[in-house]
Structure formats: C-alpha cells, structure tokens
Ligand SMILES: [Zn+2]
C-alpha cells in the first residue's frame with residue numbers, strides 16, 4: 001500500500017447531534033429538583049409514567065444538556081391525553097413548548 005493517509009488523532013470538537021440532544025444526568029437531576037417530581041404542565045404528582053421531554057425537539061437539534069430545554073411531563077408520550085403526548089404530537093402542544101421554553105430561559109436568567 002502506497003503511503004496511506006494517517007488517521008487524524010484529534011478528538012471531535014463539535015459533538016455529534018445525538019450526543020448534544022441526549023439528556024445528561026446533570027440535567028435530569030436539575031429538572032427533578034425544579035419540578036419536584038410533578039408534571040410541569042398539569043402539576044400531577046402521580047401518573048402511569050413521568051418522562052423527560054425536549055422543548056425544542058431532539059430531531060430539531062434541541063439540546064439535552066440545557067435544563068431550559070427539558071421538562072418533566074406525565075406520559076407515556078404514546079398515550080393520548082398525557083402531557084407528553086400533547087406536547088409532542090399536537091399543534092397546541094408545540095405552542096406550549098415554545099412558551100415554556102421562554103419561561104425557563106427567564107428562570108435561568110438567559
Ligand atoms: Zn401532565
């Protein structure tokens with residue numbers, strides 16, 4: 001083999017999208033503290049499931065390491081009538097996510 005190109009040995013400077021959108025443990029802890037374990041839309045404390053949801057969705061590059069982009073919602077997202085389903089799959093839910101994000105950015109002083 002004639003002079004193969006050497007492999008680059010630097011680390012990737014900009015993480016891949018899935019790394020940036022994945023919810024970090026630090027953010028999970030912060031969201032649990034902020035929400036006190038309640039759904040951040042309807043306020044219920046007991047549900048079939050509680051799930052961490054992106055306000056700006058992962059598919060749109062929404063960050064998982066920013067607590068202003070993550071909320072605790074009742075779920076599961078696949079069940080109609082839960083807040084996670086509302087947020088992810090309805091037009092009103094999309095508007096709610098944008099509003100909530102502005103509220104959280106103010107909360108974090110952004
Ligand atoms: Zn809820």
What number, in percent, do you get for the relative contact order of the range 20-74 if the mean sequence gap of Cα pairs under 8 Å and at least 6 apart is divided by its residue count? 50 percent
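Taking Cα pairs under 8 Å and at least six residues apart, what relative contact order does the range 29-110 come out at, in percent?
26 percent
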Once the Cα atoms of helix 91-107 and of the chain are each reduced to a long axis, what angle between those two axes, in degrees from 0 to 90 to the nearest 10, is obtained? 80 degrees
So how tilted is helix 25-35 from the main axis of the chain? Cα-based, degrees 0 to 90, rounded to 10. 20 degrees
Please give the FRET efficiency for residue 48 paired with residue 13, using the beta carbon to beta carbon distance and R0 = 35 Å, rounded to the nearest 0.05. 0.25
If packing is taken as the average number of other Cβ atoms within 10 Å across a peptide's residues, how do 20-26, 35-41, 81-87, 5-11 rank, most packed first? 81-87, 35-41, 20-26, 5-11
For the chain, state what percent of all Cα-Cα pairs lands in each successive 10 Å bin, counting from 0 Å until the bin that includes the largest distance. 14, 41, 25, 7, 7, 5, 1
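Quick note: the coordinates plus some simple rules give every number you see, no bench work behind them. Please read these numbers as outputs of a predicted model, since none were measured by experiment. So basically every Cβ, Gly included, is an ideal-geometry build from the backbone, and we count neighbours across all protein chains shown.
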